[in-house]
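Here the structure comes first, spelled out in structure tokens, and everything after it is commentary.
The values are calculated or read from the model by the stated rules, or taken from the named source; none is laboratory data. All figures in this text were calculated on a predicted structure; none of them were measured in a lab. Virtual Cβ from ideal backbone geometry, glycine too; neighbours counted across all protein chains shown. Only protein heavy atoms, including side chains, enter the accessible area calculation; ligands, DNA and RNA are left aside. Shrake-Rupley method; radii C 1.70, N 1.55, O 1.52, S 1.80 Å.
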Amino acid sequence: MMLANIIQSLYPKVLGDFTDLVHKNKITEAAIIDYSLLLLVIGISCGIFFGVGQYVVMRLGRIFEFITRGKLFNHFIKLSESYYSKHGVGELLSYVMNDVTAVRESISQGINQTTNAVIITASAIVMMVISSIPLYLIVVCVLPLLIIPWLVVWFGPAIRSRSKQVQESLARMTEAAEEQFGGIRVTKKFAVEGMMKGRFGEKVDHIRDNQLSLVRISSLFQAILPFLGSLSLIIAIIFGGYLTIKHEITLGNFVSLTLYLRMMVNPLQQIGNVINTMQRSQASLDRINQLLAIEPDIKEIASARTIQKESNGIRMKALTFSYPDASRKALEDIHIHLPAGQTLGIVGKTGSGKTTLVKLLLRIYDPPKGTVFIGDTDVRQATLESLRNQIAYVPQDGFLFSTTIRDNIAFSNRDEAMDVIEMAAQQAKIDESIQTFAEQYETKLGERGVTLSGGQRQRTSLARGFIKNAPILILDDSVSAVDAETETQIIENVRLTRKGKTTIIIAHRISAIQHADQIIVLDEGRIVQQGTHRQLLKEEGVYAALYAIQEGGTRYADAEGK
Ligand SMILES: Nc1ncnc2c1ncn2[C@@H]1O[C@H](COP(=O)(O)OP(=O)(O)OP(=O)(O)O)[C@@H](O)[C@H]1O
């Protein structure tokens, strides 16, 4: 690129010399051919060097894009759930798409155009000196161009802050789009398309306002640069023209001078582009760096221990926990001792803290020190990998990936044997449904595949939990979307396959937990009842009341069925 620019700066000198030959009537046919060939060589060399330079620089930009996207993804994977509960998917996508692209463009354009501008300007000045154009004339003509650095300092911060606003509003729009697409079914069912259109329109309006504000300042900056270029040409024509008339400089000198100044105008305009792009990309780079500087909340201590993958019990001692920024305690004074191999059932109203309890066990949020143990190890002292390998957690709404059913079930080990996968599916009572699909376990799910019903999704996610065969299995309301009969069969399968293995079952239906070795009833973050099914039925309280309601419902259904 540098070579291309240096070679390009020979044009005006060659043309200037040619003009002098013509002016002095010394032009010959041979000279015309020589000068034409010289211009041809200059043209071809410029083309080759410029093309190669362009390719190298573009490649550099793409490599940056590739590395940064990878780095961002690795960082996202490390961030804790608390981060994701505050930042939407759209916002995160915006970093990966908009910000990375802005920086890549500035690298490609920036290197290209800065090299152009600097080399052309420098070689133009050198060539003017070499062409024996008087120094004072060069200085006077180039003077208006010296205002440019001052303009850069003046406009730069304003462009950068407006660019940041644009990037932020783009992030908000991506977030809104993601949410609107995700919720399109609800929108349609409630027939609120108009309201949603209005909400999305607001975000788009916001981007337009921010972009126009950026365009205004960028345009003003861009407009001043060519004006300064023209000013230096005007000075060249007045002053240079006067010196030519006075024979202080040759006509060839005058032609070269004007051509060199003209040659400098484009790079100067490019400097404007580069500065704009750089300021914009600086705003994006700041955003990317701020994101990369965020530390995950959940960190492994240096001396973290590996929990052995064996049957371990669970203990919770005086556990009290509040979510960050929450005024209310999610859990208060929880004491649980579940010996290895036993089953714990948890019931409680919605919002009573059931999921929070298992999130603390999995260390998705940090419990206070010395309150949650697996075996003898405080979960805060364990390596995160060994802790999470110890537990198979099946949430209520297990996310399924847009891949085959087989890959979704064998998620923790893609090489799992087919019979093991089928066994897990049978235990989760999803095998029969899968057999009805044309491609069975190879059936693709998601956008380009089959849409499963809520219950089928839940059972597929359940099979994913079963196949992990972890020392601790947690079912967090994982059979809520299946019918009572299937639920009974699944729970029976859990009982049989989890004999001697620690299991936690969270459920709203007592039928799912009544067999447990111990049951706790949570209410507003506190354990209000604790015991076996028989013991709890004898006590007056939430459990017996819940059982009575659910039993009453079942008897009524049975009577109706007869
Ligand atoms: N990430 C979070 N940040 C702040 N508060 C939260 C968060 N997750 C849950 N909570 C609050 O903590 C309390 C307990 O929630 P939790 O999800 O543990 O209830 P739950 O018993 O599992 O409810 P459900 O049966 O509806 O699943 C609720 O008041 C809830 O609003």
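Residues in the range 372-388 that are open to solvent by 10 Å² or more (accessible area, probe 1.4 Å) and either within 16 Å of the ligand (Cβ to nearest atom) or among the hydrophobic types (A, V, I, L, M, F, W, C) (or both): 2 in all. Among the residues of the range 340-370, just one is open to solvent by less than 10 Å² (accessible area, probe 1.4 Å) and of a type in the set (Ser, Thr, Tyr), namely Ser352.
Out of Ile506, Ile520, I need the residue that is in contact with a Leu (Cβ under 9 Å, 6 or more places away or on another chain), open to solvent by less than 30 Å² (accessible area, probe 1.4 Å), touching a residue at least 40 places away in the same chain (Cβ under 8 Å) and farther than 17 Å from Pro395 by Cβ. Which one?
Values: Ile506 fails: farther than 17 Å from Pro395 by Cβ.
When all the criteria are applied, what remains is Ile520.
The single residue among Ile391, Ile409 that is away from the ligand (no atom under 16 Å from the Cβ), touching a Ser or Thr at 6+ places or on another chain (Cβ under 8 Å) and among the aliphatic types (A, V, I, L, M) turns out to be Ile409.
Of the helices (runs of 4 or more DSSP H) entirely within the range 391-470, those holding at least 1 residues that are touching a residue at least 60 places away in the same chain (Cβ under 8 Å) and buried (at least 19 other Cβ atoms within 10 Å of the Cβ) occupy 418-427, 454-467. Screening the candidates Ile346, Ile336 for the property of being within 16 Å of the ligand (Cβ to nearest atom), over 24 Å from Arg464 (Cβ atoms) and either more than 28 Å from the chain's Cα centre (by Cα) or not in a strand (DSSP E or B) (or both) yields one hit, Ile336.
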